[in-house]
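The values are calculated or read from the model by the stated rules, or taken from the named source; none is laboratory data. A quick note: this is a predicted structure, and the numbers were derived from the prediction, not measured. Here the Cβ is made from the backbone with ideal geometry for all residues, glycine too, and neighbour counts use every protein chain on show. Heads up: the accessible areas ignore ligands, DNA and RNA and are worked out on the full protein's heavy atoms, side chains in. Shrake-Rupley method; radii C 1.70, N 1.55, O 1.52, S 1.80 Å.
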Amino acid sequence: MLPLPLRVLRLTLACAFLAASGPALLAQRVAVEARHGVVTSAHALASQAGVEILQKGGNAVDAAVATGLALTVVYPVAGNIGGGGFMVIHLAQGGQHIIDYREIAPAAATRDMYLGPDGELINGPGSSTVGWRASGVPGSVAGFALALEKYGSGKVSWADVCEPARRLAAEGHAVTQTTANGLRNSARHLGRFDESRRVYLKDGAFWQTGDWWVQRDLGETFARLQKFGPREFYEGETARLIAAAMAANSGTITLEDLKNYRAVEREPLRGSYRGHDIVTMPPPSSGGIALLQMLKMIEPHDVAALGHDSSAKYHLFTEAMKRAFRDRAEYLADPDFSPVPVAPLLDASYLRQRFADFDPDRTKPAAEIAPGLGKAVVAAVPAPESLETTHFSIVDSAGNAVANTYTLNGAYGSGVTIPGTGILMNNEMDDFTSKPGTPNKFGLIQGEVNSIAPRKRPLSAMTPTLVFKDGRLILITGSPGGPTIINTVLQVISNVVDFQMTPMQAVEAPRIHHQWMPDVLTYEKLSMSTDTIRALEARGHTVRMRQSYEGTYQGDAETVFIDADGLRHGAADPRKGDSAAIGY
Ligand code: GLY
């Protein structure tokens, strides 16, 4: 380890690099205003990577790939090449496109693979959350490659967009307080696996704030990707290392699984809210459908007149959340495996009727909310939630834009690092229903439709979203937070549309969450007045402040707003310590 003065010097140099390299890194209590382009992500160095590509002539898609790859290095809690996600693209010349690079279950996966001989869910290594059997086949590299090939500018190459990540890993970067604390807090999870302990816990010595962190193996992985192209991850040395490590540890992913992985394009889901057009993520995410359902349920109500923090508004939103999440639990899954009733769930008359029993004075108990298109209510057991996943938003000088949410699922995924690669693997298999009727790690109960099958994509809540007014893109948003993602996006949109908040206000404003089961309305730390809580309880709600185990704060809505003059406003969510909007 470097002596302290040198470490401080390196941290100072890193900050100086950010300041000297053109774009201004501003304090985040105001949105960063930019004439040309802006990138907002969970880490300043990843936002900087995107801006570097924009300034080389790349478009928003090129920048998104650079930002996504760079987050792998500087934001290992969720940034990844060992996971997957969704990218929503808007092209200034017209049209929106979606890249689905969600992980898929390996060919060896089976419906009951996480049940022990007693029929109960396995805990610890071997389960859907920890260790070598918890991972789906990673999609991030394939998704980024597809996005670049089809929607990139053509002015920068795959090697160019890999370069910031390679450089950050090979030459190092200063460890932030958030990263140091995050790694230390996950010491038990990561410490179970020798390679993770070595790389991410510094062999038990822990990375400290200001340490200069060189990730040699990850740098070499990016150098291979740069040299041999994205298929290297699926067919080259990296694939061989993943498959060999899996085989040596009774893991499930094989070389064939990697070779067979393909990212796919999906038709965007489209809806509207008070004269605004919404473009969002279709299945295998539940996010877009639930978001559009909730917006339609609240639309007939004068939300602005209720007041932003009022019990009446919170009640209205909660009732919409309960009904939408009830439908989610019943009907949503990978559309390639079972038909998802998208049109019936979004039908205007269905949603009117679904919300017809809304009572402004009384909550409907969760157990009494049946799925709207028919079928039985399943039993419920409360469970904690996790916060991880990460979202970034980008607009370029031409007006092309990207909303991208991707994930390892839980913090640092399965806890497994593939030896010799620096790649942390996802634990996305936990987003399947391991035991129908039992909640997953987010406390969500899911039905048979989302059960495990080979090559199937697990249901997601990720909701990268674009909002248009009179054909003009005004908002690029999304968030991490498991099921809370959908409700975070709902509230950011309402804050802008109903309350005309500034971008920073819209992102900062307190958030609530309800997911049908458990039948509990949560609010962020100290963000709800006692009399508001009492007024909600008088309507029959169980109201609770979010606890540290589930994330004191809800989400991380890295958002871009574009005003009528075309000025870009990058609003980095202050809930995450390292988030930054960088514009030019
Ligand atoms: N793994 C979190 C999500 O896909 O929603």
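Do we find that SER397 is assigned to a strand (DSSP E or B), away from the ligand (no atom under 16 Å from the Cβ) and modelled with pLDDT of 80 or more in this structure? No, not satisfied. Within region 169-222, the set of residues being open to solvent by 40 Å² or more (accessible area, probe 1.4 Å) and either under 23 Å from the mean Cα position of the chain (by Cα) or modelled with pLDDT under 95 (or both) comprises GLN177, THR178, ASN181, ARG184, ASN185. Filtering region 55-71 to residues that are in a helix (DSSP H, G or I) and open to solvent by 10 Å² or more (accessible area, probe 1.4 Å) leaves only GLN55. Using the structure shown, decide if SER153 is out of contact with any Ser or Thr (no Cβ under 7 Å at 6 or more places or on another chain), modelled with pLDDT of 95 or more, buried (at least 17 other Cβ atoms within 10 Å of the Cβ) and part of a loop (DSSP other than H, G, I, E, B). Judged against the criteria, SER153 is a match.
Within region 415-426, is there a residue that is part of a loop (DSSP other than H, G, I, E, B), among the hydrophobic types (A, V, I, L, M, F, W, C), away from the ligand (no atom under 16 Å from the Cβ) and crowded, with 24+ Cβ neighbours inside 10 Å? Scanning region 415-426 turns up at least one residue that is part of a loop (DSSP other than H, G, I, E, B), among the hydrophobic types (A, V, I, L, M, F, W, C), away from the ligand (no atom under 16 Å from the Cβ) and crowded, with 24+ Cβ neighbours inside 10 Å.
When region 458-484 is filtered for residues that are assigned to a loop (DSSP other than H, G, I, E, B), within 14 Å of the ligand (Cβ to nearest atom) and small (Gly, Ala, Ser), the ones remaining, listed by number, are ALA461, GLY478, SER479, GLY481, GLY482. Residue check, HIS391 against (1) in contact with a strand residue (DSSP E or B) (Cβ under 8 Å, 6 or more places away or on another chain); (2) more than 16 Å from the ligand (Cβ to nearest atom); (3) modelled with pLDDT of 95 or more, all met but one. Which one? Among (1) in contact with a strand residue (DSSP E or B) (Cβ under 8 Å, 6 or more places away or on another chain); (2) more than 16 Å from the ligand (Cβ to nearest atom); (3) modelled with pLDDT of 95 or more, HIS391 violates only (2). Of all residues in region 74-102, those satisfying the criterion of being within 15 Å of ALA145 (Cα to Cα) and assigned to a loop (DSSP other than H, G, I, E, B) are ASN80, ILE81, GLY82, GLY83, ARG102. Among the residues making up region 80-122, those that are of a type in the set (Ser, Thr, Tyr) and open to solvent by less than 10 Å² (accessible area, probe 1.4 Å) are TYR101, TYR114. The residue that is modelled with the lowest pLDDT, among those in region 427-450 that are assigned to a helix (DSSP H, G or I) and within 13 Å of the ligand (Cβ to nearest atom), is ASN450. Within region 321-328, identify whether any single residue is over 30 Å from GLN505 (Cβ atoms) and surrounded by 18 or more Cβ atoms within 10 Å (Cβ to Cβ), and answer yes or no. Scanning region 321-328, I find at least one residue that is over 30 Å from GLN505 (Cβ atoms) and surrounded by 18 or more Cβ atoms within 10 Å (Cβ to Cβ), so the answer is yes. Taking the criterion of being assigned to a helix (DSSP H, G or I) and touching a Gly at 6+ places or on another chain (Cβ under 6 Å), the only residue of region 338-375 that qualifies is ARG354. Summed over region 276-309, the residues that are among the hydrophobic types (A, V, I, L, M, F, W, C), buried (at least 22 other Cβ atoms within 10 Å of the Cβ) and free of Cβ contacts under 8 Å to residues at least 60 places away in the same chain give a count of 2.
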